[in-house]
1. If you build a Gaussian network model of the chain, linking Cα atoms that sit under 10 Å apart, which residue out of 50, 36, 67 swings the most?
2. Set Lys and Arg Cβ to +1 and Asp and Glu Cβ to -1, take the dipole of the chain about its Cα centre, and tell me which of 140, 178, 200 lies farthest positive.
3. Restricting to the chain, what percent of DSSP beta bridges are antiparallel, rounded to 5?
4. Give the average over all directions of the projected area of the C-alpha convex hull of the chain, one decimal, in nm².
5. Please identify the GluC sites (Glu not before Pro) of region 242-293 that satisfy two criteria: DSSP loop assignment and at most 16 other Cβ atoms within 10 Å. Which are they?
6. If we sort 81-90, 101-110 on the protection proxy, mean other Cβ atoms within 10 Å, highest first, what's the order?
7. Normalised by the residues of the chain, what does the relative contact order come to in percent, with Cα pairs under 8 Å and at least six apart?
8. Name the residue, out of 207, 45, 29, whose mean-square fluctuation peaks in a Gaussian network model built on the chain with Cα pairs under 10 Å.
Amino acid sequence: MPTVLITGCSRPTGFGQLTAKAFASAGFDVFATMRNASRGKELADWADQNGYSLTVLEHDVCQPASNRYAVRQVVEQKGSLDVVVNNVGMSSFGALETLHEDHIRQTMETNFFSAVDMTRAALPIMRDQLGGRIIFLSSMAGVTGIPGESIYCASKFAIEGMAEALAMEVERFGINISTIRPAFFNTGMSMHNTDASSFFARGTAYDQFNDQVVASTSEGEVAGEDPQLVAEMVLEAATTSEPKFRWEPGKSAPQVLVARQSMSDEEWRSYVMTELGMSDWLDPKAPFAGEAT
């Protein structure tokens, strides 16, 4: 059976765990990784009950030694590593000026540098095999900037650029690279993973701006699409006989892409701020409740 290593599988409603289940159901040997393996008990029980091959592996993607340990475990137990899904990610909210320095660095470390190192750990195996697929869970926030999510966007733009270049570096070795770019999906990540007080400072000119960003993002997530659609697209990207680089799951991501491509920068800026209920922010003469004076 082909093997897959998927990072960030601890949350039942998250892309990682749903993707692990999709691959297991499709007959893969699955290694579902997470920082605390005890959180994977229900996932492991589900696999046992259904007769699927799934191993929960404790793994911290921000530690290079842990990344290499995870790859080694897969190869030692199964003999090959066919697919890596770089799924781990964290939320980030707040106007850039107000973000705490440690939060900025943690976001980039978690969302970008960990995926870079995980990929570097897997590439020698796939190169020797002359085959493999590496998939990055990116975002439409890697396509267009979102006010109040500057650092999250930075991490996803970085993933997109790195992956596009990497695809050309490794194609000769039979390794395919893909990015999955969701838009609005109800994974619970923002509400589960967000303590805004740890992200940005308060008592600034941006207090109402930051509050509106957090509120609108949470509302959008609750109204988002079924994350199972993303898991199914990741599986398709890993198994299709005609692999491609960019994938946009569900309805909202393709719509966002088309809208962005059809508008000028100025039109897009106005559209986004209106959608977020923050159009007054663009007009320095208009009142914006809560703004410091």
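Since every read-out is calculated from the coordinates, none of them should be taken as a lab result. Predicted model only: the values in this text are computed from it and were never measured. Positions of Cβ are backbone-derived with ideal geometry, glycine not excepted, and every protein chain shown enters the neighbour counts.
1. The residue that fluctuates most here is 50.
2. Value computed over the given set: 178.
3. 5
4. Its Cα hull, projected and averaged over all orientations, spans 15.5 nm².
5. Working: sites: 266, 267, 275, 291; in loops: 291.
Of the GluC sites (Glu not before Pro), the ones in loops of region 242-293 whose Cβ has at most 16 other Cβ atoms within 10 Å are 291.
6. Ranked by mean Cβ neighbours within 10 Å, highest first: 81-90, 101-110.
7. With pairs under 8 Å counted, the relative contact order is 18 percent.
8. Highest fluctuation of the listed residues: 45.
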